[in-house]
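The values are calculated or read from the model by the stated rules, or taken from the named source; none is laboratory data. Worth saying up front: this structure is predicted, and the values here are computed from it rather than measured. When we count neighbours, we look across all protein chains shown, and the Cβ atoms used for this are built from the backbone with ideal geometry, even at glycine.
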Amino acid sequence: MIDSLKDFYYLDEKILRNYVSTIEDGLIKYTESSTSDGSPKWNFDISTGELQKILVSMGIPIPATSIKREGKGKSVNISQLREPTKESLFSKLDNYLEPAIQYLEGFDREIWAQLEEGQFVRFSTKVKLSKGYEIGNFLNNAGDFFNLANNLDIDMEVDEDFNSAVNYGKKAIEKDVQKAIFRPIGSPNSAKFFFVGSLGINSLEVDISDLSLGTYTVMGRIEHVLQAGEKYTIFDPTLSGMTNMLSREHRRAKTKIKSKNEFDFDSKDIFAVKPAIVIKPIALYK
C-alpha cells in the first residue's frame with residue numbers, strides 16, 4: 001500500500017474521467033456498503049435525510065448515505081455514494097491499463113521504432129519547457145525588476161520596444177496550455193528520442209517553471225508518431241511579432257536584458273521532427 005502512494009505534480013482529470021467512464025461503461029460514482037452486526041448506538045427516530053440536513057447545517061459534509069435495518073435491529077447496513085477524486089481515478093485507470101502499458105525504463109532505437117499511436121507509455125524523464133515559455137518568463141521577470149526599481153526611485157530608462165517585449169512575455173506565460181519536452185531517462189539519444197506534448201496549466205499542482213527541477217515519472221498516451229518530413233511546432237517565434245522584437249541588435253543593447261546568444265533559437269527549439277513522438281500526458285508524479 002505504501003508503495004502505491006505518489007506525489008502528483010500533474011493530473012489531467014478530464015482525460016481520467018473520460019477513460020475510466022469509457023472502461024466502466026459510464027460509471028463514475030461508486031456505492032460503498034458496510035454492515036454493523038452490533039446493536040445500533042443511535043436513535044433512528046430522525047430520518048436519514050433529516051439527519052443529513054442537520055449535519056450539513058453544522059458544517060459537517062457527508063456523502064449521500066442510506067441506512068437499512070436488518071432483522072430486529074441487531075444489524076445495520078450503511079451505503080454511501082462516493083465521488084472519486086482525480087487521484088483515485090488515476091489509481092483505477094493505472095490498474096486497468098497495467099497489462100497494456102509500455103514501460104520505457106531504458107530502451108534502444110528498435111524498441112522506440114515499435115511504439116504506436118494510441119499506446120500507453122510510462123517512463124522516467126526530465127521535463128523541459130519550450131524556448132518560447134523560457135524567453136517569455138524572462139521578459140516578464142525583467143518587467144517586474146524594472147517596476148521594482150521604479151518603486152524604489154531608481155532611475156532606469158527603457159523604451160517602448162522593451163515594454164512591448166515585456167507584454168509579450170506576460171502573454172507567453174499566461175497561456176492555459178504550454179508545450180513541454182519529455183526526455184526519457186535511458187534514451188539512446190535524448191536530443192532525438194524524446195516525447196513532446198501539451199500541459200494544461202490548470203491541471204498542474206506546482207508552478208510550471210518548477211517542472212525543470214528533478215526527475216518525474218510520466219504516464220501518457222501516444223498521440224502521433226512523427227514521420228519523415230513531418231514537423232510538430234514546439235514554439236512559433238513569429239507569434240505576437242516576437243521575431244521582430246528579438247532580432248534587432250540595438251534593442252538588446254538598450255534594454256541590456258540578456259546576451260545575444262541566449263535569445264537566439266534554432267530549428268530544434270521551434271520544431272520536433274522524427275524520431276520524436278507526440279504524447280498526451282495524463283500524469284506526472286514522483
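Descriptive notes on the structure:
- Residue 127 falls short on exactly one of the conditions (1) without any contact (Cβ under 8 Å) to a residue 12 or more places away in the chain; (2) under 29 Å from residue 175 (Cα atoms); (3) not aromatic (Phe, Trp, Tyr), and that condition is (1).
- Leading residue by the ranking (modelled with the lowest pLDDT) among those in region 175-190 that are within 19 Å of residue 213 (Cα to Cα) and among the charged types (D, E, K, R): 179
- So residue 124, is it modelled with pLDDT of 80 or more and in contact with a Pro (Cβ under 8 Å, 6 or more places away or on another chain): yes
- Checking each residue in region 12-27 for being assigned to a loop (DSSP other than H, G, I, E, B) and exposed (fewer than 15 other Cβ atoms within 10 Å of the Cβ) picks out 24, 25, 26, 27.
- Summed over region 199-223, the residues that are in contact (Cβ under 8 Å) with a residue 40 or more places away in the chain and under 23 Å from residue 94 (Cβ atoms) give a count of 17.
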